[in-house]
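For reference, the structure discussed in these notes is given below.
The values are calculated or read from the model by the stated rules, or taken from the named source; none is laboratory data. None of the values given here were measured: they were computed from a predicted structure. Cβ: placed from backbone, ideal geometry, glycine included. Neighbour counts: every protein chain shown.
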2 protein chains.
Amino acid sequence: MKYIDKLRNSGLRPTKQRLQICEVLFDTEKTFHFTINELDQKIKDKIDNKISLATIYNTVHAFEKKGYLKQIPINSNQTYFDTNVTDHHHFYDLKTEELIDLENSDVGPINIKRKINGKKIKSVEVLVKLED
Amino acid sequence: MKYIDKLRNSGLRPTKQRLQICEVLFDTEKTFHFTINELDQKIKDKIDNKISLATIYNTVHAFEKKGYLKQIPINSNQTYFDTNVTDHHHFYDLKTEELIDLENSDVGPINIKRKINGKKIKSVEVLVKLED
DNA sequence: ACACTTATTTAGAATCATTATAAAGTAGTT
DNA sequence: AACTACTTTATAATGATTCTAAATAAGTGT
């Protein structure tokens, strides 16, 4: 199966539920953003059986930890995830609450001049808020 | 009184509680980051009477709407606010969960090349995640 | 295939930040 | 002082996320 390695790599046994979650997350042409509730809905739409929220949370968090998913830093009551794990940034439309990907090439190079002793930079993320 | 204008400007009547909140927020040399719970604690430390959480939320949100406070876009279970409302960015130490201000001069100019029709950029915020 | 150990799924409960409610109090106005 | 509109407050409601413990499934050795 296609996603067994991804699961094992994340420390998870490949179960029916997890493979179904993988299909919804990774079996798509384009990457996308989602909240847990949206993912739950997508899963319900795609397959007939429902998967419990606890399992969805568990699986998504394992993938996030392993870098197969990214959290998008944004203040919202729900956590947003991104299946696009390449370096990239976001527009956030304050009115519609919509998140839009910025390609890395849409943003000029970012130069962080300050260093913190003993720490290294893991990621640099830009959030561009849009208004009308 | 020092903060009456700020309050009126935010559409709030100057009450004892709100003036006390202002003192904790704005009567400091340095700007700082806080969650609502941390602010509640600071207020308890500084004054003897306690202010109800509802009032704190209400006041902080009015200030945020008016631009006297900023929300920091970060994924956390609690919302982080910043009394530094100038354009600036943040380091976030993943291990200690500490937020550190980056001066605007610490980050080179950021060039957003893409435009969205009918929308304008309200803010550009960079979050630099740090690891060991 | 069977028995055994360990991980997983699940529904439901628990937690915790935030928001809503509605009664009692306060500010601003006349 | 009287009146109206806004505030404060304790408490309840909400809603996302995490926890729990019992039932189920996966992996392993025989």
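Whether a residue is of a type outside the set (Asp, Glu) and under 30 Å from A:LYS70 (Cα atoms) was assessed, and B:ASN75 passes this test.
Condition check ((1) of a type in the set (A, V, I, L, M); (2) under 28 Å from B:VAL128 (Cα atoms)) across all residues:
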| position | (1), (2) |
| --- | --- |
| B:ASP27 | no, no |
| B:GLU38 | no, yes |
| B:ILE72 | yes, yes |
| B:VAL85 | yes, yes |
| B:ASP93 | no, yes |
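Residues being in contact with a His (Cβ under 9 Å, 6 or more places away or on another chain) and at pLDDT 90 or above: count how many of those fall in the range A:88-109. Of the residues in the range A:88-109, 7 are in contact with a His (Cβ under 9 Å, 6 or more places away or on another chain) and at pLDDT 90 or above. I'd like the full set of residues that are out of contact with any helix residue (DSSP H, G or I) (no Cβ under 9 Å at 6 or more places or on another chain), aliphatic (A, V, I, L, M) and either more than 8 Å from DNA strand C (Cβ to nearest atom) or more than 15 Å from B:GLU38 (Cα to Cα) (or both), limited to the range B:48-72. Within the range B:48-72, B:ILE72 is the sole residue that qualifies. Candidates B:LYS46, B:LYS70, B:LYS6: the one that is within 14 Å of chain A (Cβ to nearest Cβ), among the charged types (D, E, K, R) and away from DNA strand D (no atom under 12 Å from the Cβ) is B:LYS70.
Taken over the range A:10-19, residues that are part of a helix (DSSP H, G or I) and either more than 20 Å from A:TYR80 (Cα to Cα) or without any contact (Cβ under 8 Å) to a residue 24 or more places away in the chain (or both) amount to 3.
If you go through the range A:12-34 and keep only what is surrounded by fewer than 15 Cβ atoms within 10 Å (Cβ to Cβ) and either within 12 Å of DNA strand D (Cβ to nearest atom) or hydrophobic (A, V, I, L, M, F, W, C) (or both), you end up with A:ARG13, A:THR15, A:LYS16.
Of all residues in the range A:98-117, those being facing chain B (nearest Cβ under 7 Å) and closer than 17 Å to B:ASP101 by Cα number 6. For the range A:16-26, the count of residues that are under 22 Å from B:ILE112 (Cα atoms), out of contact with any His (no Cβ under 9 Å at 6 or more places or on another chain) and either at pLDDT 95 or above or more than 16 Å from DNA strand C (Cβ to nearest atom) (or both) is zero. Among residues belonging to the range A:73-97 that are within 16 Å of DNA strand C (Cβ to nearest atom) and within 10 Å of chain B (Cβ to nearest Cβ), point out the one that is surrounded by the fewest Cβ atoms within 10 Å (Cβ to Cβ). So the residue we want is A:ASN77.
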